[in-house]
1. Which residue out of GLY330, GLY375, GLY389, GLY351 is open to solvent by less than 20 Å² (accessible area, probe 1.4 Å), within 19 Å of ILE202 (Cα to Cα) and touching a residue at least 12 places away in the same chain (Cβ under 8 Å)?
2. So how many residues does the stretch 1-21 have that are open to solvent by 10 Å² or more (accessible area, probe 1.4 Å) and under 30 Å from ARG61 (Cα atoms)?
3. Answer with yes or no whether ALA39 is open to solvent by less than 30 Å² (accessible area, probe 1.4 Å), in a helix (DSSP H, G or I), aliphatic (A, V, I, L, M) and closer than 13 Å to GLY168 by Cβ.
4. Say whether the condition of being modelled with pLDDT of 95 or more and part of a helix (DSSP H, G or I) is met by at least one residue in the stretch 132-152.
5. Give the stretch 277-289 a look and list any residue that's open to solvent by 50 Å² or more (accessible area, probe 1.4 Å) and either within 20 Å of GLY194 (Cα to Cα) or in a strand (DSSP E or B) (or both), or say none.
6. Please go through the stretch 13-36 and give me each residue that is over 24 Å from ALA391 (Cα atoms) and assigned to a loop (DSSP other than H, G, I, E, B), ordered by number.
7. Working only within the stretch 190-215, note down all residues that are over 23 Å from LYS385 (Cβ atoms) and open to solvent by less than 10 Å² (accessible area, probe 1.4 Å).
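The values are calculated or read from the model by the stated rules, or taken from the named source; none is laboratory data. If you're wondering where the values come from, they're calculated on a predicted model, not measured in any experiment. Cβ placement follows ideal geometry from the backbone for every residue including glycine, while neighbour counts extend to all protein chains displayed. For accessibility, only protein heavy atoms count, side chains too; no ligands or nucleic acids. Shrake-Rupley method; radii C 1.70, N 1.55, O 1.52, S 1.80 Å.
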Amino acid sequence: MKTLNDFNFDHKKALIRVDFNVPLNENFEVTDATRVMSAKPTIIKVLEDGGSCILMSHLGRPKGVQDQFSLKHIVSKVEDVLGVSIKFVENCIGLEAEEAAANLKPGEILLLENLRFHEEEKQGDIAFAEALSKLGDIYVNDAFGTAHRAHASTTIIAQFFPETKCFGHLLAQEIESIDKVMKTGEKPVLAVLGGAKVSSKITIIENILDKVDHLIIGGGMTFTFIKAQGGTIGDSICEDDKMDLAMDILKQAKEKNVQIHLPVDVVAANAFSNDAETQITDVNAIPKGWQGLDSGPKSNALFHNIVMQCKTILWNGPLGVFEMESFANGTIALGEAIAEATKNGAFSLVGGGDSVAAVKQFGFENKVSYVSTGGGAMLESLEGKTLPGIAAILK
């Protein structure tokens, strides 16, 4: 696996695929610069070697050229984060881009306009990829969030750099973190899967049963498993057509000697509202008219004990409707347990949109080993898929 450390960028132009698909407010100001921060170590390494950086990214889902999706809006925020002034060019291919790249001096950074202003980017067009490739000497992919897409700038372009392509620091870290959970992690290995639907996590569950010792299933998924085993779940969310599958997963886990842990009690509410009446009930005896919206105190204590036994922990999905304060305790308690285990030497990886949001919201971001930046890419990795953006560098 070639990384930045395999190259000296002195007087070289690094063509870096970053993921600067950042949220903007109505005044086109960046509201969360996490993705820019994540790319900083890669960019600084190239500059410190004496090289220059040509950054390419997409922003949003434009239909052709649309001003609100122009990367010119993020230039000042990227400059703030990197502490370096940035040149911007209003296209990513063609004469203007080629001249700007050719004139770039060591220590300088050029940001190209939104790749997705060209339909060819998403189509994985080879001529478009070749036009991009002319801009740099070494291709660096540091965009984990788009590594699961076979787009021109993430996958197709790599063939034009047969010997001079590598992973950036962020992408290398993502690969190593997932490998730690899936291949090399110290046992016991625990996966915590939350969220609403079994259907969205089936392939992950089936793929990780061979890799983990413990599996905590929480969130809305719980109730499909509980009802399948004959429990009463009131008005809780349930995928009735997935109950056979739930039973099959429990059977597979038993055969593979994996311990599955479900909540034993829940915080039930008489409406899907933060102001609803609540009661603590056994998970398999929820009254009619009530729905489980968070794991209960006994479950949180049980999960804490399991987390503390484990040396490698994957967390994907919340244990309740954490966006509502009344139903956030289970997710917070889990975060506290994982933070404590991490402090004691466990390796913890958090990934998937809702878990990442929860970790940031409740202040656990710096208390776990690694927070993944790529939702879809992370999930596909956990499903055992080889991501095209990663495969292209390994060729």
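1. Result: GLY351 is the single residue among GLY330, GLY375, GLY389, GLY351 that is open to solvent by less than 20 Å² (accessible area, probe 1.4 Å), within 19 Å of ILE202 (Cα to Cα) and touching a residue at least 12 places away in the same chain (Cβ under 8 Å).
2. Number satisfying all stated conditions: 4.
3. Here the answer is yes, as ALA39 does meet what is asked.
4. Yes; the residues of the stretch 132-152 include at least one that is modelled with pLDDT of 95 or more and part of a helix (DSSP H, G or I).
5. THR278, GLN279, ILE280, ASP282, ASN284, ALA285
6. Result: VAL22, PRO23, ASN25, GLU26, ASN27, PHE28, GLU29, THR31, ASP32, ALA33.
7. none
Residues checked against (1) more than 25 Å from GLY351 (Cα to Cα); (2) open to solvent by less than 10 Å² (accessible area, probe 1.4 Å); (3) under 28 Å from the mean Cα position of the chain (by Cα):
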{"site": "ILE217", "(1), (2), (3)": "no, yes, yes"}
{"site": "ILE226", "(1), (2), (3)": "yes, no, no"}
{"site": "ASP241", "(1), (2), (3)": "yes, no, no"}
{"site": "ALA246", "(1), (2), (3)": "no, yes, yes"}
{"site": "GLN259", "(1), (2), (3)": "no, no, yes"}
